[in-house]
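Data first, discussion second: the structure below is written as structure tokens.
The values are calculated or read from the model by the stated rules, or taken from the named source; none is laboratory data. All values reported here derive from a predicted model rather than from experimental measurement. Every residue, glycine among them, receives a Cβ derived from its backbone with ideal geometry; neighbour counts consider all protein chains shown. Quick note on the areas: whole protein, heavy atoms, side chains included, nothing else; ligands and nucleic acids left out. Shrake-Rupley method; radii C 1.70, N 1.55, O 1.52, S 1.80 Å.
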Amino acid sequence: MTYLRLAILSLSVAFISGCQFIGMAAESQRREVPQDVKAEYRGMEGKSFAVVVAADRFIQSEHPGLVDYLTNKVTERLAARTNEPVAGAYIPAPDVLRYLYNNPGWSAKPMMELAAGLGNPQRIVMIEVSEFRLNEPGNQYEWSGIASGTLSVIDMESSTPDQYAVQKNISVTFPDGKGYGPNDMSRSQVMSALALRFVDRSVWPMLDHKEMYYSTY
């Protein structure tokens, strides 16, 4: 009887140890290997689009190239979303920016009129940047970047194009921790990293992509 109990105990210990090993391996994979994530919104597939980025005058004066950068990067990422030819499938970012700069009152236009001015895309991807800063106000000695805003997708084929097909809040930060200052990384490095994270979060709802299980942003 004693031998039987010992055998059962040994098997139990081995089983628990095996489960712990499997759990540790799975956890290690989650931490180190990007996960496949499906797009939340599939209405972009096979559709032409234009990317419109808006930010208030204060943000644009603090970061003069931000709107152009985001417009170009988001357009570029969405244009590469499939293997199908992209010629004619989207309105190029320079054309969108040219129209918006030449029509400063564009934000007050009805969606149908805005779409016509942009070249009649089937989808308008609207990104409104509400905050973009690299430091806490009054503290220029420590980086504490945050970028936030709203992503909206307007389906111009809908009978109600003024209603959004998608609307999501976006918020990212950089760096991943406190105590980093200009001696650790430059202003341009912080701004680039923050903007790229904002681009990721802007396009991911519309793309199949890879994302870390424990994402830092």
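Given the options Met156, Met206, Met126, Met111, name the one that is over 23 Å from the mean Cα position of the chain (by Cα) and over 16 Å from His63 (Cβ atoms). Please lay out each step first, then the result.
Numbers: Met156 fails: over 23 Å from the mean Cα position of the chain (by Cα); Met206 fails: over 23 Å from the mean Cα position of the chain (by Cα); Met126 fails: over 23 Å from the mean Cα position of the chain (by Cα).
The match here is Met111.
Filtering the range 163-188 to residues that are under 9 Å from Trp143 (Cα atoms) and of a type in the set (D, E, K, R) leaves Lys178, Arg187. Residues in the range 110-135 that are open to solvent by less than 20 Å² (accessible area, probe 1.4 Å) and in contact with a helix residue (DSSP H, G or I) (Cβ under 8 Å, 6 or more places away or on another chain): Leu114, Leu118, Pro121, Ile124, Val125, Ile127, Val129, Phe132, Leu134. For the range 161-181, the criterion of being in contact (Cβ under 8 Å) with a residue 40 or more places away in the chain and of a type in the set (Ser, Thr, Tyr) is met by at least one residue. Note on the range 159-174: among residues that are out of contact with any helix residue (DSSP H, G or I) (no Cβ under 7 Å at 6 or more places or on another chain) and either open to solvent by less than 40 Å² (accessible area, probe 1.4 Å) or not hydroxyl-bearing (Ser, Thr, Tyr) (or both), the one that is farthest from Ile146 (Cα to Cα) is Gln163. Within the range 136-151, the set of residues being crowded, with 16+ Cβ neighbours inside 10 Å and either more than 24 Å from Ser61 (Cβ to Cβ) or modelled with pLDDT under 95 (or both) is empty. In the range 105-126 there is at least one residue that is in contact with a Phe, Trp or Tyr (Cβ under 9 Å, 6 or more places away or on another chain), closer than 23 Å to Tyr217 by Cβ and not polar (S, T, N, Q).
To keep it simple, each residue is scored yes or no on (1) out of contact with any strand residue (DSSP E or B) (no Cβ under 6 Å at 6 or more places or on another chain); (2) among the aromatic types (Phe, Trp, Tyr); (3) surrounded by fewer than 16 Cβ atoms within 10 Å (Cβ to Cβ).
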site	(1), (2), (3)
Lys38	yes, no, yes
Glu45	yes, no, yes
Phe49	no, yes, no
Val53	no, no, no
Glu62	yes, no, yes
Asn72	yes, no, no
Arg81	yes, no, no
Ala93	yes, no, no
Arg98	yes, no, yes
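If the condition is being free of Cβ contacts under 8 Å to residues at least 40 places away in the same chain and more than 27 Å from Tyr90 (Cα to Cα), then the range 112-139 contributes Asn135, Glu136, Pro137, Gly138, Asn139.
Could you grab me the full set of residues in the range 199-217 that are farther than 22 Å from Asp68 by Cα and either in contact (Cβ under 8 Å) with a residue 12 or more places away in the chain or open to solvent by 60 Å² or more (accessible area, probe 1.4 Å) (or both)? Please lay out each step first, then the result.
First, pick out the residues of the range 199-217 that are farther than 22 Å from Asp68 by Cα: 208-217.
Answer for the range 199-217, where residues must be farther than 22 Å from Asp68 by Cα and either in contact (Cβ under 8 Å) with a residue 12 or more places away in the chain or open to solvent by 60 Å² or more (accessible area, probe 1.4 Å) (or both): Asp208, His209, Lys210, Glu211, Met212, Tyr213, Tyr214, Thr216, Tyr217.
Taken over the range 179-209, the residue count meeting the criterion of being at pLDDT 90 or above and either closer than 28 Å to Ala165 by Cα or among the aliphatic types (A, V, I, L, M) (or both) is 19.
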